[in-house]
1. What order, most packed first, do the peptides 209-222, 147-160 have when packing is the mean number of other Cβ atoms within 10 Å of each residue?
2. I need the calculated FRET efficiency for the pair residue 136 and residue 257, taking r as the beta carbon distance and R₀ as 35 Å, to the nearest 0.05.
3. If the only charges are +1 at each Lys and Arg Cβ and -1 at each Asp and Glu Cβ, what is the size of the charge dipole of the chain around the Cα centre, to the nearest 20 debye?
4. Each residue of region 68-75 in turn: what ³J(HN,Hα) in whole Hz from Karplus with 6.51, -1.76, 1.60 and θ = phi - 60°, glycine and Pro shown as x?
5. Compare the peptides 116-126, 178-188, 194-204 by average per-residue count of other Cβ atoms within 10 angstrom and give them in order, highest first.
6. Which Cα, out of 76, 53, 217, lies furthest along the positive dipole direction of the chain (beta carbon charges, K/R +1, D/E -1)?
7. Which order, highest average first, do 293-301, 280-288 follow once you tally other Cβ atoms within 10 Å for each residue and take the mean per peptide?
8. Largest first, how would 258, 308, 277 line up by accessible area (1.4 Å probe)?
Amino acid sequence: MNAAIDALGAVPSLLAVAIAALVSGVITWTSRPLLQRYALARPNARSSHRIPTPQGAGIAVISATLLVASAWAVWANVAIPPTLIAATVLIAVVGFADDIVSLPVLVRLVLQAAAVGAVVFTTPETARIVPALPLALERGLILLAGVWFVNLVNFMDGLDLMTVAEVVPVTAALLLLGLLGELSWPAALIAATLCGAMLGFAPFNKPVAKVFLGDVGSLPIGLLLGWCLLELAWRGQPAAALLLPAYYLVDSTITLFRRVARREQFWSAHRSHFYQRATDHGFTVSRVIGEVFALNLVLAGLAIVTARAGLATITLIALLAGAIAISIVLRRFSRPQAS
């Protein structure tokens, strides 16, 4: 155990973040010509971009994450679940196929459910969030939540640097929680390398983006991030696991319910998310991303306080503060800016 702790301390963690960033950046840069040729995202009425832009740089992010994490795991003698790696590769392949030729909705959902289910149902039975529930029911609910989480990350990836502004604070907080002993080492390891990979991708995705993640990136990022958060909940920190992705959860879920209520095709592309409406209301892309990033830092801080305090009162206060912070940002995004 001491060897694992030494290999997963603060300095090795920062080194892994830096290596993942470098690998991600190099692969993104070298793959751009191919993506420009074979995976071009052309603007339409629902797009936030105005010129054809290559998509599929998620290949770099996921490759860097898995390669560096696997190498680090061997060095630190830590076991990353093989099912997680296989499911991540599967869902990335599904995403890449959808980037090239749009797949039918049902096919996408079935394959996504297979990937999420493989991870959920191969987890030891001792991993529980609500022990009072029958195990099969709890795992079934987690499966549904996992499929939704994978898709909401994809839905929210509609603005330059949006996913970076979400994933970097969340994964950095998860890494810190791992170093503090509140998260399993495999999850902390994945969080660290995913954080680095997103940082390596960020320079290419800043406004105006030179390349997009594509489904090949957003879908497996959702799977990896969801698994890390699930590990946090299984370690007895469900409130922290809820606070970290709370902005994405609230924006996407409210938008989904609104579209269902209006009898729209909720699975199709649209510009109804709060962050998309903000750009229509006069917010610049940089300002939207800045406010989302700041909000996620606040939520990350609340999650860490909740996990470390271990008190019901602190947890309730943190959840309330997080809800208020999200409400303020969503309200601002919903109102036109004064000219």
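The values are calculated or read from the model by the stated rules, or taken from the named source; none is laboratory data. Just so you know, these numbers come straight off a predicted model, no measurement behind them. Here the Cβ positions follow ideal geometry from the backbone for every residue, glycine too, while neighbour counts run over all protein chains shown. Accessible surface is based on the protein model in full, side chains and every heavy atom, while ligands, DNA and RNA are left aside. Shrake-Rupley method; radii C 1.70, N 1.55, O 1.52, S 1.80 Å.
1. 209-222, 147-160
2. 0.80
3. Roughly 1040 debye for the chain.
4. With the stated coefficients, region 68-75 comes to 5, 5, 5, 5, 5, 4, 5, 5 Hz.
5. Ranking the peptides 116-126, 178-188, 194-204 by packing returns 194-204, 178-188, 116-126.
6. The listed residue farthest towards the positive side: 53.
7. Packing proxy ranking, top to bottom: 293-301, 280-288.
8. 308, 258, 277
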